[in-house]
Structure formats: C-alpha cells, structure tokens
Amino acid sequence: MKETIKQAIKKRIRLIYQITAAIACATLIIYVMPRDHVFKYHFELNKPWGYGQLMSNFNFNVNKSSEQLTIERDSICRIFEPYFNKEMSVAQEAIKEFEEKYHSELSSMITYRQFEEYRNRLNKIYEQGIISNRFTEESNTQSNYIRLITDNKSSSIEKSRFLKAPEAYLELTRNDTIPRDIVNRLQLESFIRANIIYDSIKSVAALKEQLEGISTSDDIVMTGEKIIDRGDVVDSKTYRKLQSYQDEQNKRDYENNKTVLVLIGQIIFVITMIFGILSYIYVYCPDVYNNNNKYNLILLSATIFPVLTGLMIRAGTGNVFMLPYAMIPMLLCLFTTKRTALFTHIFSIMLCSMMLTSQYEFLILQIAAGHAAILSMRELSSRSQMFRCVFFVFASYAISYLCYELIIENDITKINPMMYVYFTINAILMLFAYPLMFVIEKLFGFVSNVTLIEISNINSELLRKLSEEAPGTFQHSMQVGNLAAEAARKIGANSLEVRTGALYHDIGKLNAPIYFTENQSGGFNPHSTLSLQESAKIIIKHVTDGVALAEKHHLPSSIVEFIKTHHGLGKTGYFYITYMNEHPDEEIDESAFTYPGPNPSTKEQAVLMLADCVEAASHSLKEYTEENINELVNNIVDKRLQNGELNMCPITFRDIETIKDVFKNRLKAIYHTRISYPTKKQK
C-alpha cells in the first residue's frame, strides 16, 4: 500500500515537472519570436526587385547600417576618457600605518632617519598618484588620457603621469643603502595602494550619454517618394531604405496594437507544436516519456533552434540557412529512436518557419536535410560516419535548393550562389555535433556507441589489469559478453551496451581475485579458513568494490548500473544454503548473504544478469548433454522469474523464451564434443 502511494506521488511530481518544463520551453520560444508585421515583400542585397513599383505611404528616416553604427560607437569608445577620483584618505591611512609599524616592529631594522626618508618618499608617491588596476579590467578605452575629479571638477590628465603599483614600489626603494634582505623584511609593498580610483558609475553614465547621442539615421524618405521599381537591383542604400520602411511599418502596427493579435496567434501555434511533440512521445515512445533525461533532451532539441532562429532574426544578422538544423535529428538518432528524431525535427522547423518570409523554401530544404541526416546515421561507431552524414546533409541542401529554384524561377541564372556558401557554413557547424555528443552524454547521463566502443577496448587500463591479475574473471566476463550480446540482439536490446557492461560487471573482483574460484589454481581455497558469513561478505563486496572502481575511472553511469544489478537482490547461493544446512534450527540473518542490488530495471541489465548466472553455472555441469544444458538454462531463468528479480524490467515472456533459446544454442556450441583424432600405427 505504501509503495503504491509512493509511486503515485512520484508519478504526480513527474507530471507536474513535465508540464512545467514544457510551459517554460514554450514561453522561451514565444518570447524570442519576432512580433513585427509580416512584410509582404521579400528582398535580398544585390538581387533584382521582383515586385512592382514601391512608393512610401508615410515619412520615415533611413537608418544607418549596423556596421556604420558599430564603427561610430567603437570610435567613441576608443577616445573616451574614463573618470577617476583622487582619494586623499588612502595616503593618510597608509602613512599612519607605516608610522605605527615603525614604532612597533621596524625600529630595530632601520634608523629614524631612514624611516623619515621612506615616509617622505611615500608622501611624494601619493601626491603624484597611484592609479587603480581596475581601470584596465573594467574599461576598454584606448585613450591615453583620463578625467580626474577634484573639488567636483574634472580635468583631462595624461595616464602616464600616474604610477602603477609596481612602479610606485620601485620609486619607494630606489637608491636604497639598506641591504636588500632587510628591505624585503620591511614589506613596504603593503603601504602602496591606489589612490586614483576608477569611477565606474560616472564613466559608464558619461559613455552611455555619448553613445546615445549618435544619430541612427542619415537620410529621410518623404510620403509618395519612390523607394524602388521593378527590375531595380537592391543595392546597399536601397536595402537600408527597404529595411527602414519595414521597421517603420512595424512600429506603426505596434502603436495600433496590431501585435497583440500576432502574439495570440504565436501562443496558440507554439503550444500546439509543443503539445504535438509531447503527445507523440507519450503515445508511441513511453520509454522516452517516462525517462526524465530523454524527455529533457527532446524538449531542449525542440527549443534550441527556434530560439536561435528568433534571436538571429531579431538581431538582423546572418542567414538562417547557416544554422545546422539537421544536427538535432542527427544527435537524437544516437540517444533515442529514429522516428522520435524525425518528428522532433519536423515540429522544430515548423516553429522556425513561422518566423520567416520564405516559409515553403525553408521547410522543403530542412525536411530533406533532416531526412538525409537520419538515414545516414544508423549506429555511430567511428568519426568517418559523422563526416559521411555531414556530406549527405550538404548534398541534400544543395540538390533541394537547385530543384526548388528551377521549379519556381524557371531560370538557372537566378540561383543565388551565396546560398551554397551558407550550406557550406552549415556543414562546418554540423561537425561540432561530435564534441557536442560528449557534452550531451555528461549532461543527461547517456552513453553513445562511440563511448561504448572506446571503453570496451580490452587494452584499456582497467580491463588490461583485470586480464593480468584476475585472468579467470576476465575470461568469464568475455564469455558473458558474447552470450549476453547475442541474446540482446535477438530481443531488440542494445547489444553493444550489454557487451560493454559484461566486460566490467566483475571488476570488483580485482581487489581480492584469489577468493573467486575462476582465479584459483593449485587446489588451495582461501574460503576454507573463513566462516561462511565472512566468505559471503567478501563475495558480496565485489559489487560495491566494482562500483567504486568504475566511478574512480569515470565509467558511464549506465555501466555502473550493470555492476550494481548483475546480482540484483539475490543471495550468495553456495554459502547461504550451506549455512542453512549447518544451522537448521537457527533463525538466519539473510542480509548477511544478500547482494546490495538493486534488481535490473532495463532489458539490457536483465540479459546480463541471466547470462552471468548461466555462464557461471555451466562450469558446474559434469556432463554437457543437450538435456543437461536445457535443464540448467530453464532452472536458472525460471528461478530468477519466481524470485521476482525481473519484475522491474520492461521484458516480455517472449523475450524470456528467446533469451533461453540463445543461451541453450550458445552453450551447446561451446561445449560440443569433438571427434577423437586417430593415431598413426607404428610399422
């Protein structure tokens, strides 16, 4: 009853979290979406105007280009003179401290005359001024002058007139007749402090005032004036006029509250798209929906590029075709299903398309590129596959754009060559998916096939140590890996993950390899000198030791879970049953013979548990007949089912039967009898 209540509470909390996360993502997308009036004209720099004559319906200023404004702002910043204050109290406090320290400590090191000489030098240094180092940290001006505030008046003074802290120290100790070791013991640097202090508030306010004084326009268009005519090339000046005309029209629409309707439409559309993604994974991918990490990855994937698109459109820089939208399905293929990757990509680009004027062209190209990415990303196991995927995506963009332009324009000369530059930039950015894959692994706790292949290398430090110090355990792990990988492949589980988990599942035995029978030789068994409880404790400890070793070597969390669950909450059968037989009337403390668990929670973990038990037990058979092998496999698997050790796994009875068949066939192949080779008779 309590467990049911706990599960219900956890389910309710997860539902609240999922709804909150979805609302947060939708809010972020809506926030960055431009709410300007949709300009019915599409224009590009240095391309012909494809519409009729355009006349201005109102007066508006022609805005300067962002590059021109940037140059003017940079020019002001370079020559700006920051404000500084001269703090008189700093000098007084420093000299007072020097006097006090002389009377208490330094009088035994230097004479009073030397003390006065240092004090006079300090006065002169502070009169000249020691400038604050914060100036170089907080101000990016290149001016050689500053404005020094004294008596509420500021005057422009060259920076070189002031001393920096190292220069002040050299000035204080110059021409000293005192030995250097005594000077060092005086610690004179502690009395040197900046008294020319950077005034960030006044500096920022003054710079802001100068920047705000820059005029943002350099021309004006009157009502009824022609902006552009059909066939005219959109040069840089006309381009600025069209942009300014569009901005002014958006401003007028905003003042007339027309953007409220746009906002309402955006809210409904974004909520519909997010609901579409979530309803899809809820119905068709319940394992993704119930896994918080995968759920978060889907939401992040559906949000990141709409947000980037909105920010790029708001900033008015670049071209959206430079953004690697196909990176989302490419990465999702590695950590979820291909169908999930495709649907998430489609919903994501639909959200992006609502911010653009050329919606149809965008959707056609992005759907084609996303489909190419999914088809070329089956199971990433090498870097070359990433390059191949990027090549197919680039080819998809290039061919799709060529076909679209030929169909729409019917003229090959109207194809914009800059689009292929954007596609090239897109392809280059897609290569960052490889390092991003490792970031996603660490952030969400996933493991890619590339990582599994890397850590399953038997020449790695941990596996090499296992093969050298516990060769029997290493061979057992290899056999379990082969057995479990084939069973996992038959039931549709991740065979590479199971094989890797099998290689590491018994690494805890490295701490005491001699206590495990597969590593014993010479007939001596150290358990003969121990009590049954002590022996069970050592055997059980290999699970916790394995977890500690795995975490020390930074193995992925999924591999650590294999180590924890390969015995589940089972018991050390030999020692437990022996103790029961020797103490039939005693109440047994089962916790002393029980592994810490938990029980397996995935198909992969269940397969490894069963393969481990079957492989270990197969060595106890005295005769390897078909009947013995079948009975062994059936007994072991059925016992795990009866004990409820597989209750938390999403595994079916059909999967169980398939696993049994694989184990039986593999064991029969391993332990088949060989024919006896005849010996040559002697003449």
Output for the stretch 564-592, where each listed residue is free of Cβ contacts under 8 Å to residues at least 60 places away in the same chain and crowded, with 17+ Cβ neighbours inside 10 Å: LYS564, THR565, HIS567, LYS571, THR572, PHE575, TYR576, TYR579, ALA592
Residue that is nearest to THR517 (Cα to Cα) [pool: residues in the stretch 428-451 that are without any contact (Cβ under 8 Å) to a residue 60 or more places away in the chain and assigned to a helix (DSSP H, G or I)]: LYS442
Qualifying positions in the stretch 455-487 - at pLDDT below 90 and over 13 Å from TYR504 (Cβ atoms): ASN459
Close pairs (8 angstrom Cβ cut-off, 6 or more residues apart or separate chains): touching a residue at least 60 places away in the same chain (Cβ under 8 Å) in the stretch 326-351, assigned to a helix (DSSP H, G or I) and of a type in the set (D, E, K, R) anywhere: PHE335/LYS294
The listed residue being exposed (fewer than 13 other Cβ atoms within 10 Å of the Cβ) and either within 24 Å of the chain's Cα centre (by Cα) or in the same structural domain as LEU351 (by TED's automatic domain parsing) (or both), out of ASN457, ASN416, ASN410: ASN410
Filter result for the condition that a residue is of a type outside the set (Lys, Arg) and over 30 Å from GLU551 (Cβ atoms), over PHE432, PHE444, PHE438, PHE392: PHE392
Qualifying positions in the stretch 599-648 - closer than 24 Å to LYS537 by Cα and surrounded by fewer than 14 Cβ atoms within 10 Å (Cβ to Cβ): HIS619, SER620, LYS639, GLY644
Every residue from the stretch 300-336 that is more than 23 Å from PHE269 (Cα to Cα), of a type in the set (Val, Ile, Thr) and buried (at least 17 other Cβ atoms within 10 Å of the Cβ): THR336
Matching residues, the stretch 198-213, being surrounded by fewer than 17 Cβ atoms within 10 Å (Cβ to Cβ) and under 17 Å from SER154 (Cα atoms): SER200, ILE201, LYS202, VAL204, ALA205, GLU209, GLN210
Among the residues listed as ASP247, ASP287, the single one being surrounded by fewer than 18 Cβ atoms within 10 Å (Cβ to Cβ), of a type in the set (D, E, K, R) and under 25 Å from the mean Cα position of the chain (by Cα): ASP287
Any chance GLN475 is part of a helix (DSSP H, G or I), touching a residue at least 60 places away in the same chain (Cβ under 8 Å) and not small (Gly, Ala, Ser): no
Residue in the stretch 386-398 that is among the hydroxyl-bearing types (Ser, Thr, Tyr), over 30 Å from ILE507 (Cβ atoms), at pLDDT 90 or above and not in a loop (DSSP other than H, G, I, E, B) present: yes
Residue in the stretch 619-628 that is in contact (Cβ under 8 Å) with a residue 12 or more places away in the chain and within 23 Å of ASN494 (Cβ to Cβ) present: no
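The values are calculated or read from the model by the stated rules, or taken from the named source; none is laboratory data. Computed from a predicted model, the values in this text were never measured in an experiment. Cβ coordinates were reconstructed from backbone atoms using ideal geometry, including for glycine residues, and neighbour counts include every protein chain displayed.
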